[in-house]
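Each value in this text was obtained by applying a stated rule to the coordinates, not by laboratory testing. For clarity, every value in this text was computed on a predicted model and none was experimentally measured. In this analysis, Cβ positions are derived from the backbone assuming ideal geometry, glycine residues included, and neighbour counts consider all displayed protein chains.
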Amino acid sequence: MPLVPVKELLQKAQEGNYAVGAFNVNNMEIVQAILAAAEAEKAPVIMQASQGAIKYAGIEYIYALANLAANQATVPVALHLDHGTSFEQCMKCIRVGFTSVMIDGSKYPLEENIALTNKVLEVARATGVSVEAELGKIGGTEDDIHVDERDAFFTDPEEARYFAEKTGVDALAISIGTAHGQYKGIPKLDFPRLEKIVSLVNIPIVLHGSSGVPDEAIQEAIRLGVRKVNIDTNIREAFTNACRQVVMDNPKEIDPRKVLAPAREAATQVIRQKIRVFGSSGKA
Ligand code: G3H
Ligand code: 13P
Ligand code: ZN
């Protein structure tokens with residue numbers, strides 16, 4: 001089936017109290033792994049392209065791969081721009097055929113973030129494309145950041161209410177203690193803050209930096225109202241570790257297919273396990 005908007009998937013997740021997995025794509029094998037996992041689990045799924053993926057593969061290649069996967073799929077597949085940096089980049093993705101864009105204005109002051117988000121929304125609404133925004137700052141691994149300082153980056157519930165009122169985005173990424181990349185310790189999520197945000201904001205909430213967060217914590221976040229869970233690092237780890245293993249076991253191997261096929265399979269297994277944790281198995 002054709003690529004679907006993220007909004008549709010999140011609305012169903014809201015009704016069914018589960019979360020849709022948003023998995024980062026970087027190459028053909030990862031696209032295939034996400035699709036294989038979603039088909040095996042009969043789950044709706046979001047493929048998303050980060051800034052790094054766009055630099056590596058380009059918007060058109062990523063679209064072509066995801067679009068092909070969606071057209072072959074029996075489950076709904078959406079294609080989303082992850083951490084869109086500008087109005088222009090969002091427009092480019094919309095023109096190419098992405099069904100959802102994130103405009104990440106979290107580094108700007110509140111009113112600027114709102115204005116930028118609304119500018120993207122105006123075009124997206126006219127084209128049926130979904131929009132995710134971000135409020136609060138989601139860092140990289142925060143080892144050097146003191147806890148008090150870390151809390152200052154967290155999403156303020158009242159600001160979230162105001163932001164939702166002024167924009168009406170389809171999904172809102174918040175900061176409650178997760179970070180992108182590998183964690184050194186076990187991340188501690190601020191559940192009371194999440195609960196407060198959900199009580200004030202009637203928009204599906206997105207959890208970024210979800211790799212390495214314990215399954216029980218992810219499930220508690222979903223119970224409280226998270227509807228989109230972003231996973232990148234755990235896929236990269238599984239993929240690259242599998243490549244490394246093949247090369248170490250067979251130092252003379254020169255066929256990339258022999259290296260990449262086990263990596264694709266390893267990624268598929270990780271994604272299937274995440275889909276089960278998110279409760280989206282069987283929801284296609
Ligand atoms: O946005 C979160 C991604 O995990 C960062 O990915 O290094 O490909 O830009 P990137
Ligand atoms: P991880 O790499 O920590 O899974 O984060 C992914 C993410 O939030 C993409 O936006
Ligand atoms: Zn992110």
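Odds and ends about this structure:
- Among the GluC sites (Glu not before Pro) found in segment 1-39, not one is both in a DSSP coil and sparsely packed, with 11 or fewer other Cβ atoms within 10 Å of its Cβ.
- Whole-percent P(r), segment 76-174, all Cα pairs, 5 Å bins from 0: 2, 13, 25, 21, 16, 12, 7, 3, 1.
- For the pair segment 195-210 / segment 74-115, the C-alpha centres are spaced 18 Å from each other.
- Cβ-derived FRET efficiency at R0 30 Å, Q14 paired with Q72, nearest 0.05: 0.65
- Just checking the listed ones, A217, A238, A49: in the Gaussian network model of the chain with Cα springs under 10 Å, the one fluctuating most is A217.
- Note: relative contact order over the chain, using C-alpha pairs below 8 Å and six or more positions apart, is 23 percent.
- A helix-only calculation puts the chain at -17000 deg cm²/dmol for mean residue ellipticity at 222 nm, using -39500 (n - 2.57) for each DSSP H run of at least four residues, averaged over all residues.
- Looking at segment 172-284, the pairs of alpha carbons with a distance over 25 Å make up 34% of the total.
- Top of V198, V96, V45 by mean-square fluctuation, Gaussian network on the chain, Cα under 10 Å: V96
- Compared with the direct C-alpha span, the chain from F191 to T240 gains 14.4 nm at full extension, assuming 0.36 nm per residue.
- Annotation for segment 187-284: GluC sites (Glu not before Pro) lying in DSSP loop with at most 16 further Cβ atoms inside 10 Å of their Cβ are E253.
- Cα-based values for segment 109-223, radius of gyration first and Dmax second, are 14.5, 44 Å.
- Across every direction, the projection of the convex hull enclosing the Cα atoms of the chain has a mean area of 14.3 nm².
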